[in-house]
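Structure, as structure tokens:
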Amino acid sequence: FLFEALCERDLKLYAQALGGQLYHYQDYKNNELDAVVQLLDGRWGAFEIKLGAHQIDEAAEKLVKMQSLFKQNQGPEPTVLCVVCGISNAAYKRPDGVYVVPITALKP
């Protein structure tokens, strides 16, 4: 939980630098997102935070599932889906559209 808390702190600072806010999401069906960054214009991004690279696939699948749920419910879809990872060599975009970004690559 410490890594997740540190990433959330960083994401909050970066969001605020852009005039945005950091939130958490959990619904009544226990679907949740580690972090949601919403900008002033209403755009928002969904983030899963994982320490190890072996957790990336599961986190990406979860983000894609959540995007589908928002689409089914006719809610606003996230502009970006991103797994923030503690152990990753590079930032990249997966074929499913999910970005994988090491925490060290994030900057305001």
How many of the residues making up segment 69-90 are modelled with pLDDT under 95 and over 14 Å from Gly45 (Cβ atoms)?
11
Can you confirm whether segment 52-75 contains a residue that is in contact with a helix residue (DSSP H, G or I) (Cβ under 8 Å, 6 or more places away or on another chain) and either basic (Lys, Arg) or within 19 Å of Val98 (Cβ to Cβ) (or both)?
no
Step by step: first the residues of segment 7-19, then only those that are under 14 Å from the mean Cα position of the chain (by Cα) and of a type outside the set (D, E, K, R), then the one that is nearest to Gly42 (Cα to Cα). Which residue is that?
Ala15
From the list Leu40, Leu13, Leu63, exactly one residue is under 22 Å from Pro108 (Cβ atoms) and either in contact (Cβ under 8 Å) with a residue 24 or more places away in the chain or touching a Leu at 6+ places or on another chain (Cβ under 6 Å) (or both). Which is it?
Leu13
Criterion first (of a type in the set (Asp, Glu) and surrounded by 11 or more Cβ atoms within 10 Å (Cβ to Cβ)) does Asp10 satisfy it?
yes
Within segment 66-96, tally of residues that are over 19 Å from Gln38 (Cα atoms), over 12 Å from the mean Cα position of the chain (by Cα) and touching a residue at least 24 places away in the same chain (Cβ under 8 Å)
5
Residue ID - surrounded by the most Cβ atoms within 10 Å (Cβ to Cβ), chosen from residues in segment 71-91 that are within 21 Å of Ala5 (Cβ to Cβ) and of a type in the set (Gly, Ala, Ser)
Ser88
Scan (1) of a type in the set (A, V, I, L, M); (2) modelled with pLDDT of 95 or more; (3) touching a Lys or Arg at 6+ places or on another chain (Cβ under 9 Å); (4) surrounded by fewer than 16 Cβ atoms within 10 Å (Cβ to Cβ) for the single condition Leu39 breaks and write down its number.
(3)
State yes or no: is Gly20 buried (at least 18 other Cβ atoms within 10 Å of the Cβ), touching a Pro at 6+ places or on another chain (Cβ under 7 Å) and of a type outside the set (Phe, Trp, Tyr)?
no
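The values are calculated or read from the model by the stated rules, or taken from the named source; none is laboratory data. Remember, it's a predicted structure, so these values are computed and weren't measured experimentally. When we count neighbours, we look across all protein chains shown, and the Cβ atoms used for this are built from the backbone with ideal geometry, even at glycine.
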